[in-house]
């Protein structure tokens, strides 16, 4: 496979081609932006808020919420496993969902997840992925690595753990009405159509409308990971 180097020359040597792909994707997913690229005042506020939360949680008298931090139930495990679709690609461990759907495995997975949940530790292999490049636009130059979208193939069992965490958080947020009612994105039984319906209703009633649409290019690729975790 051929690729262009930084000088625009075509590389055909396998080792140099692989190095070019590696270099481009490392730069893409490892944000090296300086503090000047985002609001430093907000960063300091977020960091301070994080420190306060950590101090509260570390307090021996802190009473954690049972809804969020209770033991993992077998029902929660069954829910995420049964919702996983068959025929999906596997990660480095090569364990497909079909294997994880055997009922005899459910209790093993529950025990594993409970240990990780209690210790806040996950297997290091879960931090690795097989990146499968797909050309974004068929008419674009296939010799430019960044013209490809890198699809990360992750461990199926790691995705089950993420699904469990997501389900527990989503349930808590919905049942306790933590989120504003106007928030429809990334919520169960809600979608963009809810906002479209509301907007259409306002327009039909001849009311004044101010709409703002923002499309952030490569948002996840360049987001500051420390800020995201805050």
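The values are calculated or read from the model by the stated rules, or taken from the named source; none is laboratory data. The model shown is predicted, which means the values in this text are computed figures rather than measured ones. We place every Cβ from the backbone using ideal geometry, glycine too, and count neighbours over all the protein chains shown.
General remarks:
- Residue check: residue 220 meets all listed conditions (1) surrounded by 10 or more Cβ atoms within 10 Å (Cβ to Cβ); (2) closer than 30 Å to residue 136 by Cβ; (3) modelled with pLDDT under 75 but one, namely (1).
- Considering the stretch 31-63, and only residues there that are surrounded by fewer than 10 Cβ atoms within 10 Å (Cβ to Cβ) and outside any helix (DSSP H, G or I), the residue that is modelled with the lowest pLDDT turns out to be 34.
- Of all residues in the stretch 139-169, those being farther than 26 Å from residue 129 by Cα and touching a residue at least 12 places away in the same chain (Cβ under 8 Å) number 0.
- Tally, over the stretch 88-105, of residues that are over 21 Å from the mean Cα position of the chain (by Cα) and either farther than 26 Å from residue 129 by Cα or not in a helix (DSSP H, G or I) (or both): 4
- The stretch 201-230, residues that are in a helix (DSSP H, G or I) and touching a helix residue (DSSP H, G or I) at 6+ places or on another chain (Cβ under 6 Å): 221
- Subset of the stretch 1-28 [touching a residue at least 40 places away in the same chain (Cβ under 8 Å) and surrounded by 14 or more Cβ atoms within 10 Å (Cβ to Cβ)]: 3, 4, 20, 21, 24, 25, 28
- Any hit, the stretch 99-110, residues being surrounded by fewer than 11 Cβ atoms within 10 Å (Cβ to Cβ) and either touching a helix residue (DSSP H, G or I) at 6+ places or on another chain (Cβ under 7 Å) or farther than 18 Å from residue 156 by Cβ (or both): no
- Condition broken by residue 198, with the remaining ones in (1) at pLDDT below 90; (2) surrounded by 14 or more Cβ atoms within 10 Å (Cβ to Cβ); (3) not in a loop (DSSP other than H, G, I, E, B) satisfied: (2)
- Conditions (1) in contact with a helix residue (DSSP H, G or I) (Cβ under 9 Å, 6 or more places away or on another chain); (2) surrounded by 14 or more Cβ atoms within 10 Å (Cβ to Cβ); number of the one not met by residue 153: (1)
- Residue match in the stretch 159-167 (condition: farther than 27 Å from residue 95 by Cβ, surrounded by 12 or more Cβ atoms within 10 Å (Cβ to Cβ) and modelled with pLDDT of 90 or more): no
- Meets criteria (surrounded by 12 or more Cβ atoms within 10 Å (Cβ to Cβ), part of a helix (DSSP H, G or I), under 22 Å from the mean Cα position of the chain (by Cα) and modelled with pLDDT under 85) for residue 174: no
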